[in-house]
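Chemist: This is the structure, below, for whatever I ask next.
The values are calculated or read from the model by the stated rules, or taken from the named source; none is laboratory data. Keep in mind the model is a prediction, meaning the values are calculated, not measured. For neighbour counting, all protein chains shown are included, and Cβ atoms are generated from backbone atoms with ideal geometry for every residue, glycine included.
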């Protein structure tokens, strides 16, 4: 019984410590989110008004269907997975190197109560498009949609076909396994599933179906 009480007290101390730590991180997020996102967008290649609305809608349908209404967290929408666009951006601006685990809770809290308290969704989406990791080629890491269009397709972003744009969207799930050059067949299959999803020909198998297995047939 004594051991159980000791374990219980130790667990309580740990939980209280985490709560204090997470609260501090949330306040940090509230203080830095606006200027860090602004710093990205000041030097941005991608401007949202240069991308057709249909393409933005396609991106969101795959990556974050409730982007315009959620506060950085969506654990229910089929195919959405556990990481929203806001959280993807948060990994870049809040962490030197993000590792799953307790950091996931930290990320969700910082995004929900920090980023979304200080940054508009328009600016979140713009920053995401500019800092998204888009794999590696012989020249090194590919960062952002503009650079990805140039290095994977040899074109400016606005010159991509609809299918090529979806090829970039397809990469976001696993950038180093789905690029359209070294993994063209895998990229093409994911694009096919995305097109089926956008055409309302299939439904993902729950929130965790980020690979769109529900659209495999």
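Chemist: In this structure, does residue 127 turn out to be under 20 Å from residue 49 (Cβ atoms), without any contact (Cβ under 8 Å) to a residue 60 or more places away in the chain and surrounded by 15 or more Cβ atoms within 10 Å (Cβ to Cβ)? Even if it seems obvious, please write down each step before you answer.
Modeler: Numbers: under 20 Å from residue 49 (Cβ atoms): yes; without any contact (Cβ under 8 Å) to a residue 60 or more places away in the chain: no; surrounded by 15 or more Cβ atoms within 10 Å (Cβ to Cβ): yes.
For residue 127, the condition - under 20 Å from residue 49 (Cβ atoms), without any contact (Cβ under 8 Å) to a residue 60 or more places away in the chain and surrounded by 15 or more Cβ atoms within 10 Å (Cβ to Cβ) - is not met.
Chemist: List pairs: first in the stretch 203-217 and touching a residue at least 12 places away in the same chain (Cβ under 8 Å), second exposed (fewer than 15 other Cβ atoms within 10 Å of the Cβ) and part of a loop (DSSP other than H, G, I, E, B), Cβ under 6 Å, 6+ apart or cross-chain?
Modeler: Hits for this filter: 207/76; 214/203.
Chemist: Now, a different point. How many of the residues in the stretch 75-96 are surrounded by 19 or more Cβ atoms within 10 Å (Cβ to Cβ) and free of Cβ contacts under 8 Å to residues at least 12 places away in the same chain?
Modeler: Counting residues in the stretch 75-96 that are surrounded by 19 or more Cβ atoms within 10 Å (Cβ to Cβ) and free of Cβ contacts under 8 Å to residues at least 12 places away in the same chain gives 1.
Chemist: Kindly evaluate residue 174 against the criterion of being closer than 24 Å to residue 76 by Cβ, assigned to a loop (DSSP other than H, G, I, E, B), at pLDDT 95 or above and within 21 Å of the chain's Cα centre (by Cα).
Modeler: Details: closer than 24 Å to residue 76 by Cβ: yes; assigned to a loop (DSSP other than H, G, I, E, B): yes; at pLDDT 95 or above: yes; within 21 Å of the chain's Cα centre (by Cα): yes.
So residue 174 passes the test.
Chemist: So, in the stretch 15-52, of the ones that are within 19 Å of the chain's Cα centre (by Cα), in a helix (DSSP H, G or I) and within 11 Å of residue 126 (Cβ to Cβ), which residue ends up modelled with the lowest pLDDT?
Modeler: So, considering only residues that are within 19 Å of the chain's Cα centre (by Cα), in a helix (DSSP H, G or I) and within 11 Å of residue 126 (Cβ to Cβ), the one modelled with the lowest pLDDT is 48.
Chemist: Restricting to the stretch 108-144, count the residues that are in a helix (DSSP H, G or I) and in contact with a strand residue (DSSP E or B) (Cβ under 7 Å, 6 or more places away or on another chain). Lay out the reasoning, then the answer.
Modeler: Taking the stretch 108-144 and keeping what is in a helix (DSSP H, G or I), we get 108-118, 121-131.
If we keep only those that are in contact with a strand residue (DSSP E or B) (Cβ under 7 Å, 6 or more places away or on another chain) too, we end up with 131.
Here the count works out to 1.
Chemist: Every residue in the stretch 97-118 that is surrounded by fewer than 22 Cβ atoms within 10 Å (Cβ to Cβ) and touching a residue at least 40 places away in the same chain (Cβ under 8 Å), please.
Modeler: Here is the first cut: in the stretch 97-118, the ones surrounded by fewer than 22 Cβ atoms within 10 Å (Cβ to Cβ) are 97-106, 108-109, 112-113, 116-118.
The answer is 102, 105, 106, 109, 112, 113, 116, 117, 118.
Chemist: Could you please find all residues in the stretch 155-181 being without any contact (Cβ under 8 Å) to a residue 12 or more places away in the chain and over 19 Å from residue 52 (Cα atoms)? Don't jump to the end; show me each part of the working.
Modeler: Taking the stretch 155-181 first, the residues without any contact (Cβ under 8 Å) to a residue 12 or more places away in the chain are 155-156, 159-161, 174, 177.
Selection gives 174, 177.
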